[in-house]
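Notes follow the structure.
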Amino acid sequence: MATTSAPARPARSGFLLDLYRSALGKKYLMAVSGIVGLGYVFAHMLGNLKLYQSAEDFNAYAAFLRRLLYPILPESGTLNLLRLVLIAALVVHVVSAYQLTVMNRRARPERYKGPRDYVVADFAARTMRWTGVIVLLFIGYHLADLTLGWVNPAPSGSTPYEKVIASFSSLPIAAFYLVANTALGLHLYHGVWSLFQSMGWNNRRFNHLRRSFATGFTLVVVGGNLSFPIAVQLGIIS
């Protein structure tokens, strides 16, 4: 009499790998990497406010960043480690967003157009996608301009303050910074709003607080960033 063997069970992968492969896991990754980005843009804007104090204060701030935790780490060592963390968070954020988009399209090739939510949801999705691209291009240019100095119009050997003034004194560059930071604002607002939902911190009773926080955070960060090129163009900072 022939015996039939039980079907082999599919091999189970680890919990973390299963979570990563799921849409929920990718939302978590986007949320956590987004939080890292939010902390950076806020701290970056806050430090740049020293432009309004004096050239000496701003240059001292730049020197402080380079010597952070020195001599425990080499000069600029902590700053470079922070940059690596930010780059890793950016890569995770972009890859997770792309993979999540692909998963959503496969699950629902024809997008549902609800009578109430279509305009808001579709606008948010389109805005996040395109503003994300603009922000990525802006990050690349910003690094080449003020961090690496490759495209900065200031003479070689200029101080950080002189590089900022030289860059924002150019009307095309200032205009690009204004457009890019406006796109950043749209991305931040929708990102902060959806972050709470992705992490499961969504309750209808607190939606007004979520919206207020998203609005306030965006206005503070983007308002500060927009003020720098405007102040240089108007001669308030020189």
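The values are calculated or read from the model by the stated rules, or taken from the named source; none is laboratory data. All of these numbers come straight from a predicted model, not from anything done at the bench. Using ideal geometry, Cβ is built from the backbone for each residue, glycine included, and neighbour counts are taken over all protein chains shown.
Some points to look at:
- Output for the range 169-192, where each listed residue is farther than 22 Å from residue 133 by Cα and among the hydrophobic types (A, V, I, L, M, F, W, C): 171
- Close pairs (7 angstrom Cβ cut-off, 6 or more residues apart or separate chains): touching a residue at least 60 places away in the same chain (Cβ under 8 Å) and under 19 Å from residue 99 (Cα atoms) in the range 27-39, hydroxyl-bearing (Ser, Thr, Tyr) and assigned to a helix (DSSP H, G or I) anywhere: 27/198; 28/198; 29/96; 30/96; 30/198; 31/198
- Among the residues making up the range 153-186, those that are polar (S, T, N, Q) and more than 24 Å from residue 42 (Cβ to Cβ) are 156, 158, 159, 169, 170.
Every residue, every condition in (1) exposed (fewer than 13 other Cβ atoms within 10 Å of the Cβ); (2) modelled with pLDDT under 95; (3) within 16 Å of the chain's Cα centre (by Cα), yes or no:
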{"position": "184", "(1), (2), (3)": "no, yes, yes"}
{"position": "187", "(1), (2), (3)": "no, yes, yes"}
{"position": "197", "(1), (2), (3)": "no, yes, no"}
{"position": "200", "(1), (2), (3)": "yes, yes, no"}
{"position": "209", "(1), (2), (3)": "yes, yes, no"}
{"position": "212", "(1), (2), (3)": "yes, yes, no"}
{"position": "217", "(1), (2), (3)": "no, yes, yes"}
{"position": "230", "(1), (2), (3)": "no, no, no"}
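- Total residues in the range 34-63 satisfying the condition of being of a type outside the set (Gly, Ala, Ser), under 30 Å from residue 194 (Cα atoms) and surrounded by 15 or more Cβ atoms within 10 Å (Cβ to Cβ): the figure is 8.
- Of the helices (runs of 4 or more DSSP H) lying entirely inside the range 1-77, those containing at least 3 residues that are within 23 Å of the chain's Cα centre (by Cα), among the β-branched types (Val, Ile, Thr) and modelled with pLDDT under 95 are 23-48.
- Test result for residue 159, crowded, with 17+ Cβ neighbours inside 10 Å and not small (Gly, Ala, Ser): no
- Considering residues of the range 64-98 that are touching a residue at least 40 places away in the same chain (Cβ under 8 Å) and over 16 Å from residue 139 (Cα atoms) only, the residue surrounded by the fewest Cβ atoms within 10 Å (Cβ to Cβ): 97
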